[in-house]
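S.K.: Before I ask anything, let me first share the structure, which is written out below as structure tokens.
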Amino acid sequence: MFSDTRDFIEALRAAGDLHEIEKEVHWDLELGAVSRLACEKDGPALWFKRITDYPAGITAFVNPMATWRRVAVAFGLPPDASLKEIYAEYEKREGRLIAPVTVAGGPCKEMIQRGADIDLYDFPAPMLHDGDGGRYLGTWDMAVCRDPETNWVNWGMYRFMVYDSLHLTGFPRPTSHLGKVFQDYYVAKNRPMPMALVIGADPISHFTASATYHIGGEEAALAGGLRGAPVELVRCETNDLLVPAHSEIIVECDVLPDCAGLEGPYGEYPGYRTGEMGNGIFCRVSAVTHRKNPILTVDATGYRDDSSTITALTGAIAIKHRLERHGIPVTDVNVPREGAVHLAVIAVKYGGKQMSREILETLTSRRALLSKIFLVEPDVDVYDIGKVLHAFSTKCHPAHGIHVIHYEGRANTLTPCYSQGERALQKGATALYDCTWPGEWSREWEVPVQATFDSIFPDSTKEKVLANWKYYGFKD
Amino acid sequence: MASKTDRQTWETFVRRPGDLREGIETPVVLRDLTPGKQKYQMRHVVAVLSRDPRETEDLLRVRTVVGVLLPETWGLKIIRALPTELPGRPYHDFYDALRRAAVSGS
């Protein structure tokens with residue numbers, strides 16, 4: 001399993017999923033535009049070797065896991081593993097936790113800057129989209145923080161923007177785990193919160209930072225379990241936090257409880273730049289450590305970015321487990337890439353009004369990241385969007401089959417369809433489209449019979465047709 | 001005072017139409033558009049703005065809350081700097097903090 005970004009890059013090269021760009025590319029929009037187009041074409045990961053204004057040796061690795069092939073490689077699976085196989089592999093491994101180990105040093109300590117030597121402009125943070133609030137150093141990152149009351153350490157992937165040579169602003173949502181720890185403890189006591197922004201760790205550590213994982217759960221142990229080996233951690237220079245020793249860059253900082261800065265707007269994972277701006281957090285950098293010739297890892301955020309694979313995958317499994325814990329008869333869940341982590345397809349043994357309400361309440365009780373849910377029966381393959389759309393179009397009653405829950409203070413402020421007023425109040429709604437037959441309908445008398453080859457013919461006819469298929473003149 | 005040759009171009013973001021006012025001291029967040037490694041560095045200032053930039057003034061481009069660049073370029077004269085570490089509340093409106101800092105003379 002990969003110990004760092006560099007190992008992962010080699011594996012992608014071997015799999016044919018890496019494109020190296022030797023031509024000089026500008027950090028100001030050009031790198032972002034190349035990366036965005038490559039992402040939308042489902043292209044390979046990109047390694048920019050020469051970046052304008054920066055010396056040779058400082059490079060950028062972009063879109064690490066934005067395709068299922070690269071997710072499969074990160075998990076040590078064959079690159080052409082199916083989506084179902086990747087889901088199954090994650091579900092199999094995620095229950096097995098392996099605690100991290102602490103080491104005395106590591107490559108991330110090869111270069112150390114403190115005080116007046118700190119300059120965030122030493123790294124080619126790209127201006128990814130025209131009109132973004134600034135240059136984002138933290139995109140494919142993990143922010144490490146600790147809850148001092150429980151000692152719980154959280155890893156989360158959040159956006160961080162360069163403010164000047166010594167400051168960052170960021171937008172871990174207020175409902176995020178970092179946002180919760182920061183507000184509940186540090187802001188309440190007016191104390192700065194130590195944080196480490198990790199850039200370019202091993203791919204599975206970043207995967208876990210982006211994962212939907214429960215409060216109190218240690219992503220470091222989850223990463224160990226998924227990798228099959230403990231993550232090696234090393235202590236920061238200016239605080240007690242532990243960070244992956246093989247990372248490319250570590251930015252140590254204090255999140256200030258009494259300061260504000262402009263953050264955003266930013267072209268985000270839903271595929272839009274909403275008006276989420278100026279409502280984030282403000283950080284003062286206390287030290288920067290990095291490897292020689294550091295590789296800046298970047299997610300070219302937007303439609304079908306890295307979140308469309310990894311956040312979708314872990315979100316789907318988390319939804320399934322949460323529903324199971326609440327006694328919902330769930331059989332399968334998919335968060336399709338095209339839905340930008342706003343849409344879930346949930347298969348249940350039976351639907352109906354009561355079931356729909358229970359699912360909506362279960363999935364929106366603390367924070368509500370989904371805005372649409374398709375509820376289907378187990379005969380619909382949740383991974384086949386054509387079949388899901390067919391079920392939605394034909395089985396969801398337009399007057400009785402749509403259920404909506406409204407909430408305030410926990411909506412996803414990055415959801416594009418919300419107004420600026422709703423965003424300010426974190427106000428929103430989730431709609432569930434019940435694409436199941438009413439439970440009171442008789443299977444013999446009322447439930448329509450599906451007019452498909454599999455459903456509407458007797459077995460004997462189907463067997464005969466399949467046996468004679470080539471006889472009829474078909475090749476396949 | 002800026003001369004015609006060294007006038008600088010800045011950019012700012014506003015939440016809604018009418019947030020920028022002409023001829024009075026206004027708190028503004030600026031980002032520096034000077035090419036180079038430090039392009040887009042942020043500053044907080046109090047400035048006087050004009051809709052028709054004079055040759056002696058810096059230039060200010062304006063973007064909306066969703067990042068769209070507006071066609072008009074304003075003139076800008078920086079009166080005083082405000083601190084980078086601006087007193088304010090996390091997860092609350094940054095522009096409120098900027099206005100308070102300007103009033104308190106930080």
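The values are calculated or read from the model by the stated rules, or taken from the named source; none is laboratory data. These numbers come from a predicted model, not from an experiment. Don't worry about glycine lacking a Cβ; one is built from the backbone with ideal geometry, like all the others, and counts go over all protein chains shown.
S.K.: Listed residues A:117, A:147, A:164, A:132; which is farther than 23 Å from residue A:39 by Cβ, within 14 Å of chain B (Cβ to nearest Cβ) and among the acidic types (Asp, Glu)?
M.R.: Every option except A:164 fails the conditions.
S.K.: Also: Quick one: how many residues across region A:1-28 are among the aliphatic types (A, V, I, L, M), within 23 Å of residue A:136 (Cβ to Cβ) and within 23 Å of the chain's Cα centre (by Cα)?
M.R.: Final tally of qualifying residues: 3.
S.K.: In this structure, is residue B:64 within 14 Å of chain A (Cβ to nearest Cβ) and in contact with a Leu (Cβ under 9 Å, 6 or more places away or on another chain)?
M.R.: yes
S.K.: Only one of these is under 20 Å from residue A:279 (Cβ atoms) and either more than 8 Å from chain A (Cβ to nearest Cβ) or surrounded by 13 or more Cβ atoms within 10 Å (Cβ to Cβ) (or both): B:88, B:23, B:75. Name it.
M.R.: Within the list B:88, B:23, B:75, the selection yields B:88.
S.K.: If residue A:267 passes every condition in (1) in contact with a Lys or Arg (Cβ under 6 Å, 6 or more places away or on another chain); (2) more than 14 Å from chain B (Cβ to nearest Cβ) but one, which one does it miss?
M.R.: Status for residue A:267: all satisfied but (2).
S.K.: Check A:370, A:360 and return the single one that is aliphatic (A, V, I, L, M), in a loop (DSSP other than H, G, I, E, B) and more than 30 Å from residue B:97 (Cα to Cα).
M.R.: Residue meeting the stated conditions: A:370.
S.K.: Limited to region A:9-51, what total is found for residues that are in contact (Cβ under 8 Å) with a residue 40 or more places away in the chain and either outside the structural domain of residue A:295 (by TED's automatic domain parsing) or closer than 24 Å to residue A:133 by Cα (or both)?
M.R.: Within region A:9-51, residues that are in contact (Cβ under 8 Å) with a residue 40 or more places away in the chain and either outside the structural domain of residue A:295 (by TED's automatic domain parsing) or closer than 24 Å to residue A:133 by Cα (or both) number 11.
S.K.: Taking the conditions exactly as written (surrounded by 24 or more Cβ atoms within 10 Å (Cβ to Cβ), outside the structural domain of residue A:367 (by TED's automatic domain parsing) and either free of Cβ contacts under 8 Å to residues at least 12 places away in the same chain or touching an Asp or Glu at 6+ places or on another chain (Cβ under 6 Å) (or both)), does residue A:251 satisfy them or not?
M.R.: Criteria not met by residue A:251.
S.K.: Residue by residue through region B:91-103, note down the ones that are in contact (Cβ under 8 Å) with a residue 24 or more places away in the chain and crowded, with 17+ Cβ neighbours inside 10 Å.
M.R.: B:94, B:95, B:98, B:101, B:102
S.K.: For the condition modelled with pLDDT of 95 or more and crowded, with 19+ Cβ neighbours inside 10 Å, what is the one hit in A:380, A:341?
M.R.: Being modelled with pLDDT of 95 or more and crowded, with 19+ Cβ neighbours inside 10 Å holds for just one of A:380, A:341, which is A:380.
S.K.: Hey, another quick one. Answer with yes or no whether residue A:261 is modelled with pLDDT under 95 and at the interface with another protein chain (Cβ under 7 Å from one of its Cβ atoms).
M.R.: no
S.K.: Is one or more of the residues making up region A:217-233 of a type outside the set (Lys, Arg), in a strand (DSSP E or B) and at pLDDT 95 or above?
M.R.: yes
S.K.: Could you check how many residues of region A:49-86 are in a helix (DSSP H, G or I) and surrounded by fewer than 19 Cβ atoms within 10 Å (Cβ to Cβ)?
M.R.: Final tally of qualifying residues: 3.
S.K.: Please go through region A:438-476 and pick out each residue that is polar (S, T, N, Q) and within 30 Å of residue A:392 (Cα to Cα).
M.R.: A:442, A:450, A:452, A:455, A:461 - these are the residues of region A:438-476 that are polar (S, T, N, Q) and within 30 Å of residue A:392 (Cα to Cα).
S.K.: Let me ask you something else. Taking the condition away from chain B (no Cβ under 14 Å), touching a helix residue (DSSP H, G or I) at 6+ places or on another chain (Cβ under 8 Å) and of a type in the set (Asp, Glu), does residue A:22 pass?
M.R.: no
S.K.: Across region B:26-59, which residue is nearest to residue A:119 (Cα to Cα) among those that are surrounded by fewer than 16 Cβ atoms within 10 Å (Cβ to Cβ) and away from chain A (no Cβ under 14 Å)?
M.R.: B:56
S.K.: To continue, here is another question. Taking the residues in region A:397-418 that are out of contact with any strand residue (DSSP E or B) (no Cβ under 9 Å at 6 or more places or on another chain) and within 21 Å of residue B:92 (Cα to Cα) as candidates, determine which candidate is surrounded by the most Cβ atoms within 10 Å (Cβ to Cβ).
M.R.: A:414
S.K.: Related question: Quick check on region A:463-476. Is at least one of its residues within 30 Å of residue A:302 (Cβ to Cβ), modelled with pLDDT under 95, assigned to a loop (DSSP other than H, G, I, E, B) and not assigned by TED's automatic domain parsing to the domain that holds residue A:177?
M.R.: No - not one qualifying residue is present in region A:463-476.
S.K.: Scan region A:181-208 for residues that are in a helix (DSSP H, G or I) and more than 11 Å from chain B (Cβ to nearest Cβ) and jot them down.
M.R.: Across region A:181-208, the qualifying residues are A:181, A:184, A:185, A:188, A:189, A:203, A:204, A:205, A:206, A:207, A:208.
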